[in-house]
Each structure stands twice: as structure tokens, then as C-alpha cells.
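Working notes, structure below.
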Amino acid sequence: MTHTHADKQIVGRFAPSPTGPLHVGSLVAALGSYLLARQARGLWLLRMDDLDLPRVIPGIAEDMLATLETLGLTWDGEIVYQSRRADFYRAAADDLIARGLAYPCGCSRSEIAQLASAPHRDITVYPGTCRNGLPPGKRERALRVRVKDEEIAFEDGVMGRYGQRMAGECGDFVIHRADGFFAYHLAVVVDDAAAGVNQVVRGADLLSSTPRQIYLQRLLGQPAPAYVHLPLVTGPGRSKLSKRDNAVSLAAGRDLVRDGGALLLSALKFLGQNPPPDLTGAPAAEVLTWATVNFSLAAVPRDPAPFERPLS
Ligand SMILES: [Zn+2]
């Protein structure tokens, strides 16, 4: 590995939502982001995306941290909790409002669903009802950011080029929700920039939200990180993954001290890696040492696949 003084230090992160136990999909994201950061001798930060407070389950965050530590996935610095950072999201939203880039929206969910054009992918395109001011009799429910008729595209480290026409495929999107919480897109953009994160490695379920985040980065004058979206984990036969069945947390009753190495080997194979047979039965630390040296991003597949769990 060659490094020059001109190299920028990689700052990666893992940002789980403590709304359910750590599952195999989160484990894959944690391992992938950890390995790409550590392989580059970079930092690996940890953030709890606990913005959606009503869905947060008490004790889950602590269980996740214990699980990561048991697997040897140790992070740098202090853990950031989104639930404590509303002031920063408010400042960013106020900045966008002051510059005419965000506006109040008084539409209800059903009003939008009725008026919206056919949804693209998983996004309902907002019809623009409140773009030029709240209609008479409407009160502010949410804040939306104004998009332009332009394509936002990026080169993903696994998925290749991905782009969206913002006006036609996305529409003006919510940055502050009707239930009073800031939207995920605004929060991650503010937090990643504040922490200096320049490499975002996460599951492909977030691929279609990335153009919205890049758009916000541009509006807020922040650099775009490199993006790597890892293939989705499915259940057997590509069925939908059941979170309960696929929990890997300590609370799920797994003996992770004994099984951690085998679980990491399964995650590496899911990511297209080819660990040597003599690592079978090795502890987690030994598997991580091998993987940090040998992990190959080029070997990671794009397609969703089931996760072959180790026998225990
Ligand atoms: Zn509206």
C-alpha cells in the first residue's frame, strides 16, 4: 500500500438506526464500511441514527454497541446521536428557507398521493402545490426543499453510475416532517459534513436517496463523499428479509464470542470475498485482520442475495 502526504485521510462511518436489533444487513454494512476505512488506514466513526424517536426501542443502541465490540468492530471517537443534534438541523433548514431554497408545505399525505404522478422507484413525486406559497386555509405541516429540473448523478463504488432527474423522478422533498422531526436526508448530510465523513458505505436500500443527499450537500456548500452501496440481503430464495430471523445481536441469544468469526466469514462471502479455508473456526479478530488486508471492493457483487448463515 502506498501513501503520500497528499492523500486525504479516509473517514468512514457506520450509522445504524436503533429501531430493531442489529440484523445481517446491518452487519454487512458495518463490516464493509469498517474494512474500507481500515484498509485505507482511515477513521471509522459511529453514529446512532435515532432521529425517528417514536420508533427507537430502548436498549437497542446499547445492544448494538456491545455486538460491534464483541465482533471486534471498534470505532474511533465519540458516538454521535442524531436525537441530540436538532439545533444543527434547524440551522441548516433556516439557512435554506432564508435563501428561498426551502418552503412550508401544508399538504397532507393523502392530498399528495391523489395529486402525485406515478411514483418512480420508491419515491412519491410531490406535485408542487405549495411551491409558490401556502394555499389559502392551509397551515404549515412540513418543510420542503425546492429542486431544479436537473439530473444529479454519481459514480457508486459498487453499483456504478446512478442518477435521478430531480424534478421528474424526485420532486420537492421534505426536510422537516409533519410529525415535528427533521428528515433523514437533511440530518445525514449535516452530520456527515460536521464529522468530515468522506466515504459513505451502506446498503443499497439507500441508493435511490443518494441524489437527494448530494443535492442538499450542494445547496449547503458541502463536499460530496464517495459512495459505496452494498448489495441487499434477502431471505432464502430472495424473499424479504425478516429482521427477527436475521438478528445478530447479543440480545438475540447468540454466543458471539464463539460464533463471531464464523458470522464475519459469512458476511465476507456475501460480499464476494474469498477467505481461505484455514480461517474456519478462527476468532473474529483473526478474520478481521485477514479481511482488512485482503478485502477487494471490485469483488463485491451488485445483485441482492440471501445471507448464508453459519451453522451453530
Ligand atoms: Zn404542499
For the stretch 251-282, which residues satisfy the criterion of being outside any helix (DSSP H, G or I), modelled with pLDDT of 95 or more and buried (at least 16 other Cβ atoms within 10 Å of the Cβ)? Leu271, Gly272, Gln273, Pro275, Ala282
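Residues checked against (1) within 21 Å of the chain's Cα centre (by Cα); (2) part of a loop (DSSP other than H, G, I, E, B):
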position: Met64; (1), (2): yes, no
position: Gly77; (1), (2): yes, yes
position: Leu96; (1), (2): no, no
position: Gly100; (1), (2): no, yes
position: Cys107; (1), (2): no, yes
position: Gly128; (1), (2): no, yes
Per the filter on the stretch 268-277, residues hydrophobic (A, V, I, L, M, F, W, C) and over 16 Å from Val293 (Cα atoms) are Phe270
Those residues that are modelled with pLDDT of 95 or more, open to solvent by 20 Å² or more (accessible area, probe 1.4 Å) and not basic (Lys, Arg), I need them from the stretch 99-116; list them, please. Gly100, Leu101, Pro104
Which one of Arg131, Arg146 is near the ligand (Cβ under 10 Å from one of its atoms), open to solvent by 40 Å² or more (accessible area, probe 1.4 Å), in contact (Cβ under 8 Å) with a residue 24 or more places away in the chain and farther than 30 Å from Phe270 by Cβ? Arg131
Please determine, by comparing only the residues of the stretch 149-176 that are farther than 26 Å from Ala98 by Cβ and of a type in the set (A, V, I, L, M), which one is nearest to the ligand (Cβ to nearest atom). Ala153
Among the residues of the stretch 47-62, which ones are in a loop (DSSP other than H, G, I, E, B) and surrounded by 15 or more Cβ atoms within 10 Å (Cβ to Cβ)? Asp49, Asp50, Leu51, Asp52, Val56
Mind listing whichever residues of the stretch 21-46 are open to solvent by 10 Å² or more (accessible area, probe 1.4 Å) and not in a helix (DSSP H, G or I)? Pro21, His23, Ala40, Arg41, Leu43, Leu45
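The values are calculated or read from the model by the stated rules, or taken from the named source; none is laboratory data. Here the structure is a predicted model, which is why all the values come from computation and not from measurement. Virtual Cβ from ideal backbone geometry, glycine too; neighbours counted across all protein chains shown. Surface accessibility is based on the protein's heavy atoms, side chains included, excluding ligands, DNA and RNA. Shrake-Rupley method; radii C 1.70, N 1.55, O 1.52, S 1.80 Å.
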